[in-house]
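Structure record follows, encoded as structure tokens.
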Amino acid sequence: MIKKEMIAMLLAGGQGSRLGVLTSKVAKPAVSFGGKYKIIDFPLSNCINSGIDTVGVLTQYRPLRLNQHIGIGIPWDLDRNIGGVTVLPPYEKSTNSEWYTGTANAIYQNLEYMDYYNPDYVLILSGDHIYKMDYEVMLDFHKSRHADVTLATFNVSEEEARRFGVVLADEEGTITEFEEKPENPRSTKASMGIYIFSWPVLKDALQQLSEQPACDFGKHIIPFCHNNGKKICAYEYKGYWKDVGTLYSYWEANMELIDLIPEFNLYEEFWKIYTKSDVLPPQYIADNTKVEASIIGEGSEIYGQVYNSVLGTGVTVEEGAVVRDSIIMNGTVIGKNSQVSKAIISEYVTLGENVVLGTFDDAENKVAPHIYAGGLATIGEYSVIPDNVQIGKNTAIFGETESSDYPDGRLMSGETLIKVGELA
Amino acid sequence: MRAIGIILAGGNSNRMRELSNKRAIAAMPMAGSYRSIDFALSNMTNSHINRVAVFTQYNSRSLNEHLSSGKWWDFGRKQGGLFVFTPTITNTNSYWYQGTADALYQNLNFLKESHEPYVVIASGDGIYKLDYNKVLEYHIEKGADITVVCKDLSKEPEQLERFGVVKMNDDGRIREFEEKPLVAESTIASIGVYVVRRRQLIELLENCAKEERNDFVKDILIRQKNVKKIYGYMMDSYWSNISDVDAYYKTNMDFLNKDIRDYFFKQYPDIYSKVDDLPPAKYNKGAEIRNSLVASGCIVNGTVENSVLFKEVFVGNNCTIKNSIILNDVYIGDNVYIENCIVESRDTIRANSTHVGEDRIEIIVEKNSRYIL
């Protein structure tokens, strides 16, 4: 007989459009973080470290990279005889075939998967936060309060509370009221999008709301449970938790890793973060270089200078190049004498020689000012930047660009250059 | 597949000095992120040999830990797999492996129960890339009984006294074979990699055992060289044997050379190793790194020059590490000066200490207990 006390359902189907060109070709959970990791490594590692060995990963947007990364779950020890990791894409049915139209709808379409494991509790996770959390402690809380639903909350500032769903709870932690993105928040307890449901409660709610278009946990399931007198509790999480939903917060969270003793410490023996390691060799730092306040992944070769930056695996920084305050992902090459400041450069980018990236006076992005902000220059994966060009701030580049794409060899601040090449 | 693989990893050498106190040579950490045996294992898997046995005897704990799963080299298969053979006491035998041939003979069933026609025998202390299929093709083409992979060491003749030295005729047949000669008559050394037909090997081993002889080189290769057709296969790519402190030091330092690094790390095929799930290396303010290899999990605060830092090395403030090799998981306190040394793994080097290898490479084994405030 198959029996799992708690299984996890990890929502990894979203594009994360606020990450701009970083998610043009990959789902947000498959975006790199902290040099060698992908964002999804954090919830997956939390699962196995919390003793959860059955995880359904719901994919929809651009799943190729995610599928390759997860495989059969070996890096997270999630290759199991019973359970383990299962990738769950939307599928065709005899009637009513549809994409995943909302977070709860996606879970609803996988009722059979959950039923198979005969769980007592189901943990709902999203694949876009950076944190270390013991879900077992949250489950203990759920049990001790005899709750039907427990949602994890995180204390934010009043300012930030306007961007989240906030909850009001009594001293016991029982939730009395919800506010979704309130103008004048009455609480600073923001919902982290992490839920534990007692399985019968979840199953019932999903079935009752099966006709609800774009069924969503925050908008439909939780209010439904609340209105039906279910006991909903708030579990206050006090550790490090970072939403990396915007380019700037993503950049900031990466930069925090290079602090002398970072709040989010990857070097602790306890609670390891696992990832699929394709590159094994050590990194090489050449003569006449300077590497300071940076973290660098395996197999990278540094012939230039790197300051305050996060570099992935297999990155090459050629002679004379200077990288500052930047994120450079796996396999990217920074050409000779190029200067990179405050940039996010995605995987396998070829940046030519004598390129100046992140220069000129600040100017708001003309196409998507809410995405490309904070003075960052962002380059999508497999892009090519020709030699001798200068590129401004709040810019976005994607595709195989050529010198002719840069009038006078320049791309001024606030410009966007998207070339639909072979890969688009 | 046409061949099974055997890796002889039981050996010890006093030329490794203190480094062999706690591990077999095949388990020596190499090139920052690897262990010596990874090279032979990767060559096996890259040559599509799926059934590989590793023979261990001396101090095999750290080697066994490394080989606890075959999946890193893709040996986690239904067909084939990775086998580790340590000597066991049986009804008929209560001895350790008396020699390489005896080790094979004691596990003769492994050879008998395989169905692949050929056997590739390699050692666990060679650093090289080689497609064993090419040797096998040569072996078949020559109609050889045994093929010995050889390397011309005319550029470093002083190394010859550590190896078997051979003389071949124009056809490649080995006419003379001398083990570790004081004065070598040729510059062609055997690298300890052999191809032989499985049934032929079983027969040779059985005869050898009958006469109570135990050594594969002395009692089979040298003794049989005029009876059996023993051919030499010349390899001309990089090869180094690490079973000597100076050679070990030099081989690691070779990886600071871009050509050698690219050859092993960037060109097909890859070398595989057990994955440790360590975070990326971190360089804090004040770090100075020049011409060095740094493995994952390291945290560097001081100066590192012409050195190799293995995994999880911590270098304190104001340290200077020069021309040295720091093995896995070493903690180096502040203001330490280390030059021309190999620091043994899991050691803790006290703050304000100085370690210099004056006229030879010093091996530092402090065994200090670690306390981090």
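The values are calculated or read from the model by the stated rules, or taken from the named source; none is laboratory data. Predicted model, so just to flag it, every value in this text is computed and none were measured. Backbone-built Cβ (ideal geometry, glycine too); neighbour counts: all protein chains shown.
Can you tell me which of (1) closer than 28 Å to A:E263 by Cα; (2) buried (at least 16 other Cβ atoms within 10 Å of the Cβ); (3) in contact with a helix residue (DSSP H, G or I) (Cβ under 6 Å, 6 or more places away or on another chain) is the one A:N46 doesn't meet?
Answer for A:N46: the failing condition is (3).
Do we have B:S186 as farther than 30 Å from B:R23 by Cα and either modelled with pLDDT under 95 or in the same structural domain as B:T251 (by TED's automatic domain parsing) (or both) here?
Yes: the conditions hold for B:S186.
Looking only at segment B:33-72, which residues are more than 14 Å from chain A (Cβ to nearest Cβ), within 25 Å of B:A281 (Cβ to Cβ) and hydroxyl-bearing (S, T, Y)?
B:S36, B:S62
Quick check: is even one residue across segment A:229-242 at pLDDT 90 or above, out of contact with any helix residue (DSSP H, G or I) (no Cβ under 6 Å at 6 or more places or on another chain) and over 25 Å from A:M6 (Cα atoms)?
Within segment A:229-242, not a single residue is at pLDDT 90 or above, out of contact with any helix residue (DSSP H, G or I) (no Cβ under 6 Å at 6 or more places or on another chain) and over 25 Å from A:M6 (Cα atoms).
For the structure I just gave you, tell me whether A:S187 is among the hydroxyl-bearing types (S, T, Y), surrounded by 13 or more Cβ atoms within 10 Å (Cβ to Cβ) and part of a loop (DSSP other than H, G, I, E, B).
Criteria met by A:S187.
Give the residue that is modelled with the lowest pLDDT, with candidates limited to residues of segment A:120-158 that are over 15 Å from A:I222 (Cβ atoms) and among the β-branched types (V, I, T).
Here the answer is A:V156.
Please determine whether any residue of segment A:41-57 is in contact with a Phe, Trp or Tyr (Cβ under 7 Å, 6 or more places away or on another chain), touching a residue at least 12 places away in the same chain (Cβ under 8 Å), hydroxyl-bearing (S, T, Y) and in a strand (DSSP E or B).
yes
Identify all residues within segment A:302-323 that are crowded, with 22+ Cβ neighbours inside 10 Å and either free of Cβ contacts under 8 Å to residues at least 40 places away in the same chain or farther than 16 Å from A:E256 by Cα (or both); write none if there are none.
A:I302, A:G304, A:V306, A:T313, A:G314, A:V315, A:V317, A:A321, A:V323, listed by residue number.
Tell me which residues, restricted to segment A:170-184, are assigned to a loop (DSSP other than H, G, I, E, B) and surrounded by 13 or more Cβ atoms within 10 Å (Cβ to Cβ).
A:G173, A:P182
Report whether or not A:A161 is in contact with a strand residue (DSSP E or B) (Cβ under 8 Å, 6 or more places away or on another chain) and at pLDDT below 95.
yes
Can you list the strands (runs of 3 or more DSSP E) found entirely within segment B:45-137 that contain at least 1 residues being more than 26 Å from B:L221 (Cβ to Cβ) and without any contact (Cβ under 8 Å) to a residue 40 or more places away in the chain?
Hits in segment B:45-137: B:81-85.
Only one of (1) at pLDDT 95 or above; (2) facing chain B (nearest Cβ under 8 Å); (3) buried (at least 24 other Cβ atoms within 10 Å of the Cβ) fails for A:L280. Which number is that?
Here A:L280 meets the rest and fails (1).
Name every residue in segment A:31-68 that is within 14 Å of another protein chain (Cβ to nearest Cβ) and either over 19 Å from A:S277 (Cβ atoms) or over 14 Å from the mean Cα position of the chain (by Cα) (or both), in order of residue number.
Let us first name the residues in segment A:31-68 that are within 14 Å of another protein chain (Cβ to nearest Cβ), namely A:32-38, A:41-42, A:44-45, A:48-49.
Within segment A:31-68, A:I48, A:N49 meet the criteria.
B:D277 is checked against (1) buried (at least 21 other Cβ atoms within 10 Å of the Cβ); (2) at the interface with chain A (Cβ under 7 Å from one of its Cβ atoms) and fails just one. What number does that condition carry?
(1)
Consider A:K342 against the criteria (1) more than 30 Å from A:I74 (Cβ to Cβ); (2) surrounded by 24 or more Cβ atoms within 10 Å (Cβ to Cβ); (3) away from chain B (no Cβ under 11 Å); (4) not polar (S, T, N, Q): it satisfies all of them except one. Which criterion is unmet?
So A:K342 meets the others, but not (2).
So A:S326 ticks every box in (1) modelled with pLDDT of 95 or more; (2) surrounded by fewer than 20 Cβ atoms within 10 Å (Cβ to Cβ) but one. Which box is left unticked?
(2)
For segment B:321-330, check the following and say yes or no: at least one residue is of a type in the set (S, T, N, Q), in contact with a Leu (Cβ under 7 Å, 6 or more places away or on another chain) and either facing chain A (nearest Cβ under 8 Å) or farther than 20 Å from A:V291 by Cβ (or both).
Within segment B:321-330, not a single residue is of a type in the set (S, T, N, Q), in contact with a Leu (Cβ under 7 Å, 6 or more places away or on another chain) and either facing chain A (nearest Cβ under 8 Å) or farther than 20 Å from A:V291 by Cβ (or both).
Mind listing just one residue for me: the one in segment B:281-319 that is assigned to a loop (DSSP other than H, G, I, E, B), within 26 Å of the chain's Cα centre (by Cα) and without any contact (Cβ under 8 Å) to a residue 40 or more places away in the chain and, of those, nearest to the other protein chains (Cβ to nearest Cβ)?
The qualifying residue nearest to the other protein chains (Cβ to nearest Cβ) is B:N291.
Please determine, by comparing only the residues of segment A:213-258 that are within 14 Å of chain B (Cβ to nearest Cβ) and of a type in the set (A, V, I, L, M), which one is farthest from the chain's Cα centre (by Cα).
In this case the residue turns out to be A:I258.
Let's see how each residue does on (1) modelled with pLDDT of 95 or more; (2) part of a loop (DSSP other than H, G, I, E, B); (3) buried (at least 19 other Cβ atoms within 10 Å of the Cβ):
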| position | (1), (2), (3) |
| --- | --- |
| A:D387 | yes, yes, no |
| A:I397 | yes, no, yes |
| A:V420 | no, yes, no |
| A:A424 | no, yes, no |
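Conditions (1) within 14 Å of another protein chain (Cβ to nearest Cβ); (2) within 21 Å of A:D408 (Cα to Cα); (3) among the polar types (S, T, N, Q), marked per residue:
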site	(1), (2), (3)
A:G314	yes, no, no
A:V322	no, no, no
A:M329	yes, no, no
A:T350	no, yes, yes
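Mind checking whether some residue in segment A:263-273 is away from chain B (no Cβ under 11 Å), of a type outside the set (K, R) and on the phi > 0 side of the Ramachandran plot?
Yes - at least one qualifying residue is present in segment A:263-273.
Would you confirm, using the coordinates I've provided, whether B:G302 is out of contact with any Lys or Arg (no Cβ under 8 Å at 6 or more places or on another chain), at pLDDT below 95 and among the small types (G, A, S)?
For B:G302, the condition - out of contact with any Lys or Arg (no Cβ under 8 Å at 6 or more places or on another chain), at pLDDT below 95 and among the small types (G, A, S) - is not met.
Residue-by-condition table, conditions (1) buried (at least 19 other Cβ atoms within 10 Å of the Cβ); (2) without any contact (Cβ under 8 Å) to a residue 12 or more places away in the chain; (3) within 27 Å of A:E136 (Cβ to Cβ):
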{"residue": "A:L202", "(1), (2), (3)": "yes, no, yes"}
{"residue": "A:S210", "(1), (2), (3)": "no, no, no"}
{"residue": "A:Y235", "(1), (2), (3)": "yes, no, yes"}
{"residue": "A:Y240", "(1), (2), (3)": "no, no, yes"}
{"residue": "A:W251", "(1), (2), (3)": "yes, no, no"}
{"residue": "A:N254", "(1), (2), (3)": "yes, no, no"}
{"residue": "A:L260", "(1), (2), (3)": "no, yes, no"}
{"residue": "A:N265", "(1), (2), (3)": "no, yes, yes"}
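Which numbered condition trips up B:G10, out of (1) touching a strand residue (DSSP E or B) at 6+ places or on another chain (Cβ under 6 Å); (2) part of a loop (DSSP other than H, G, I, E, B); (3) under 20 Å from B:N328 (Cα atoms)?
The number of the failed condition is (3).
What about A:N365, is it within 14 Å of chain B (Cβ to nearest Cβ) and touching a residue at least 24 places away in the same chain (Cβ under 8 Å)?
So A:N365 does not fit the description; no.
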